[in-house]
1. What average count of beta carbons from other chains do you get within 10 Å of the Cβ of residues in A:248-257?
2. Give, rounded to the nearest 20 debye, the magnitude of the charge dipole that the protein assembly as shown has about its Cα centre when Lys and Arg contribute +1 at Cβ and Asp and Glu contribute -1 at Cβ.
3. How would you order A:166-177, B:80-91, A:63-74 from highest to lowest mean count of nearby Cβ atoms within 10 Å?
4. Any chance you could run the full-extension gain for A:Asn49 through A:Ala68? It's 0.36 nm times the residue separation minus the Cα-Cα distance, nm to one decimal.
5. Quickly rank B:27-38, A:242-253 as a protection proxy: mean count of other C-beta atoms within 10 Å, highest first.
6. What dipole magnitude, in Debye to the nearest 20, does region A:112-192 give about its Cα centre under +1 on Lys/Arg Cβ and -1 on Asp/Glu Cβ?
7. Hey, rough spin-label estimate for A:Lys94 and A:Trp229, points 7 angstrom out along Cα→Cβ, what's it come to in nanometres?
8. So if R0 is 56 Å, what FRET efficiency would B:Arg104 and B:Arg31 give, r being the distance between their Cβ atoms, rounded to the nearest 0.05?
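Any read-out appearing in this document is the output of simple, stated calculations on the displayed coordinates, not a laboratory observation. Source: prediction; values computed, not measured. Here Cβ is always computed from backbone atoms with ideal geometry, including for glycine, and neighbour counts include all displayed protein chains.
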Amino acid sequence: MRKTLFLALVGFTLAAGGSVRAADTTDPDAEFKVFRDYFTKRFPNVPLNDFVNGPYSMDEGLRKQWEAKEEFPPYEFAVETGKEMFTTPFANGKTYGDCFPNKGIGIRQTYPYFDDKAGKVITLELALNLCREANGEKPYSYIGDEMASLTAYMAFNSRGKPFDIKVPKDPRALAAFENGKAYFYQRRGQLNFSCASCHVQSPGQRIRTEVLAPALGIVAALPIYRSEWGGMGTTSRRFVTCNSQVRGVPLQPQDDLYRDVEYYLSFMSNGLPISGPGARP
Amino acid sequence: MRKRIFVPLLAALSIAGVNAADSAGTEADFRSALSAAEAANKQAGALKNQWTTTAQTLTAAGQAAAAHDYDQAIALAKLAEALAKASIDQAKEQEEAWKAAVIR
């Protein structure tokens, strides 16, 4: 019990860190500019498009290890598996390609989007499961290897395409954007960390052995192979583990709030190239 | 906020100390403490802000009760309640406090 109490106290003391100033209104375009300026001014030597490489844009030694690893990338099998899954017809003869614009090729950069009919944010993972269900198939786990393989293939054939996320002037879309932003900045878990504590206030710094990635472009490399996981991980898995790491009980994968966070971060990455699937320590 | 979180934690600690020095706890005392902790954790769940440590402490409390160590079980249940209340405080505070951290 004493250990638990001690850790609680240490967590709160460590996490009582800085803030950057207040915001009250929702103007995605203005916030996009401020968000980008913050990172480009803080890291003037990092080329804009290199932010999508996360910790490798922050640490030269780590970058060299990554470049060597990219000769035989650990996500390669997932891309191959994903391609096979993507092109194999469902029991009804249709394929994933029938559910997406351009047959699903080179479209990763347009996800998530706000669906005005459904009134909610549609991520690529959700769209893939909606496609499966519409064709009489059972949905995949959002944190499992199948979903990681499918999204790895779709990211791979979209590499280099700039994020193109729209936030329409629909109050529901603006609310989703705002909810995602709030979740990103809200402290949670016993350690009292927000997503921003690591990825806005501390990019480039180490937390234990890891170099923290900047929030700018952070979703471009997803899904990722993580050596720590010994396998592939989806965007959902990344969010779930982020919450767990600060001792917060994660939401259900693809919870409204997780989709809204992905929407917010993807909009903030507009113009940056898709680099997924990625590899991280 | 830190003060609001420390107070219930310290209260749980002192209650645990009183229990140790006082007469032995009973199963009924444990059930009462457990019920209060679970109610607080449920409230944290409604705010989508439960802590993993609350659940772990509740599990440990149950294990201590199963071993008929009710003093320990009661102390852990009270700690779980304090953790759950701290997570509720955190969620309520962060309803507005997050705005101060936004890049502008």
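1. That works out to 3 on average.
2. Magnitude of the dipole: close to 740 debye.
3. B:80-91, A:166-177, A:63-74
4. The A:Asn49-A:Ala68 span can extend by a further 4.8 nm.
5. The packing order, highest mean first, is A:242-253, B:27-38.
6. 340 debye
7. The modelled label-to-label distance comes out at 2.9 nm.
8. 0.65
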